[in-house]
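Report on the following structure.
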Amino acid sequence: MKKIGNFVLGGLYQKICNLALYSIFLVIAVYTAVLVYQAGHLRNLIHETNEKQKESIAEISRQTMDGILSSSMVKSTRMEAYIANDLFTDAADKVMMLSDYAEKIFAEPEAYPYHEYSFPDPEKEGEITIQLLVDEDARPGDPDVDSRLGLVANMSDMMASLYQIGGLNSCYIALPDGVMLLADDHSAGKFDEHGNLMFIPIDERAWYVGAKETGTLYFTDVVQDVFTGQIGIMIGAPVYKDGELAAVVGADLFLDNMAQTINSSGDNGSFDFIVNGNGHVVFSPMKSGLLQVKANADAVDLRGLENKELAQFIRNALNQSTDILTVNIDGTDYYVTGSPIEAVGWVIVSAVSKEVTDQPTVLMEERYDSILGDALVSFNNAISGALRMIIVLLIIVVILGTGAAVILSKRIVTPLETMTKRVVSLGGDNLQFKMEPALKTGDEIEVLAESFANLSAKTLQYVDQVKKVTAEKERIGAELSMATAIQASQLPRLFPAFPYRSEFDVYASMTPAKEVGGDFYDFFMVDDDHIGVVMADVSGKGVPAALFMMVSRVLIKSHLQNGEKVSDALTNVNNQLCEGNDAEFFVTVWAAVIEISTGEGIRFREHEFELHPGDSFFVYTDGVTEATNANKELFGNDRLLSALNKNPDADPKEVLKNVMDGINDFVAGAEQFDDITMLSFKYNGPKGD
């Protein structure tokens, strides 16, 4: 580094300054390149954008029109279907009223008197009357037929009322005998041009046949009324007595108003039409093409057209209301929607020409082109002025940026240099980093310096603590090592323990859970013919338990070697241990004295058992059965027995090895929580056996 006046060449100062200048020039270079590129392609981009905007506007316009159509057409069509369905449902309800009343009359004929009836009277044209109509083979004068006609004539008032106020164009009841009673005000229409009463083939009429065959309410196709020539449908319903057809009731519903409404809908590129359940057009304003109304024999089933889109639309619309769809009908694209008239199984369809709905979009595109041309001229003028302004601003940015880079570099580097010098000076006994005025910058540098100061102070404290802890740990470690060695030396460790005695074999082990443990075992000769065996578990862990263990071991051994009985020895040891036992330690003990010459043993509570040559016993502390694996499961008695039975004839050393192997396999490396102490004794029998 080289210092010239207040400026430093090289080092961090120059790097920060260079970084700032490089950043400024890089930004300017990139920005300039972008401006040049954008200036060269901006007009093409604007042109492409405008085209996309134009397409987007057209699409939005179409979507808006579609939304308007969807909202208006769908709602309108569903409303028309609802009104028509209500008309047919109301008529059907009135027919069912006639059916219910007729069934009641046939079920209780004795409750109704004979009612008069008569043939049509042309003089009563315009009056609502109940008229008798017959077919050529009918026998209206037959007593049986006359009786049934007189019975059903009791419905005259109801039929007259339904005709007058129910919106029906006629209502009637027909018997299987070829006779019927009809209510309307067209009496004169029942006679031919010669004044003769016309015969009606009643059992051939569609409403009669349909109701009889289906056994339920039946709607006919659109037909022309025989008497008035008006367009409508007929509704029939069967009446049963004792399971047999007794009559068919029905009504006429003229649809001239519906036909007129549909025929007048074909204006301004939109129209409605109605299709029945057979796929035939029954009402339409079209005079030619697929949607022209034709007689049933010549009608086209729209559900089976080769025009798959239209055929599928009709099938769907007959079942449920549809959204707006685009289909081609006779070479013209239409937006269509349909809603079923459920009562009769028809569908009413609304259609509007796509060409008509697209006209607002075409006009909008033309207007957009005009506005865009004017906007491009203004844009070209504005962008030229903007480029000049940008160049001037870039020059100003370079000048200001260079000055700012120099000043900023100096403000950052000066406190860092001071901090670096102080850190370099640290060493040996001088490990304390102290704050200086130059480091109080009020920013992250000051925070960093304070962190160094705090860190150095904590480091000095930590070093002192480490020295103390290390010394204490070394002292404790030495004491524990000594305690471990002392404890281990207190237990019999040399095996075979009594190589000169062939009458028995004994082996034991103690694996402490910590450096020193509380469990212990012991075996010793009480005299030449008796051996004492002890297994004990002291409460607690560590050094206190180990100290209590050694005292307990010495006392137990001393009392047993003095010749005391096992029960007396343990009682005396218990009394001695309780004296001054403020820490309340306790020890669990199993002890036995084996008479070598006979195999007789005595343990606590004076229980005796006899060992035969080859018999063994195994004693252990709870650290064996309570050894725990990673799943918190205990080794338990069953696993212990399994390990002992692995080789029942094994010598004591192998017995302990089998048990320890079983424990190690079970815990699989889990931490040991308790001392594991075991002893195995095998009685071989007296010498010479």
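Just a few scattered comments:
- Residue list for region 163-208, filter: under 15 Å from Met234 (Cβ atoms), of a type in the set (S, T, N, Q) and not in a loop (DSSP other than H, G, I, E, B): Ser170
- Of all positions in region 276-292, at least one carries a residue that is among the aromatic types (Phe, Trp, Tyr) and under 53 Å from the mean Cα position of the chain (by Cα).
- Residue check, Pro120 farther than 22 Å from Lys190 by Cα, in a loop (DSSP other than H, G, I, E, B) and either in contact with a helix residue (DSSP H, G or I) (Cβ under 9 Å, 6 or more places away or on another chain) or of a type in the set (Ser, Thr, Tyr) (or both): no
- Count of residues meeting criterion [touching a Phe, Trp or Tyr at 6+ places or on another chain (Cβ under 6 Å) and charged (D, E, K, R)] in region 528-556: 1
- Verdict on Ser161 being closer than 19 Å to Ser99 by Cα and not aromatic (Phe, Trp, Tyr): yes
- Of the numbered criteria (1) surrounded by 14 or more Cβ atoms within 10 Å (Cβ to Cβ); (2) touching an Asp or Glu at 6+ places or on another chain (Cβ under 9 Å); (3) not in a helix (DSSP H, G or I), the one His115 fails is (2).
Since every read-out is calculated from the coordinates, none of them should be taken as a lab result. It should be emphasised that the depicted structure is a prediction, and the values quoted were computed from it without experimental measurement. So basically every Cβ, Gly included, is an ideal-geometry build from the backbone, and we count neighbours across all protein chains shown.
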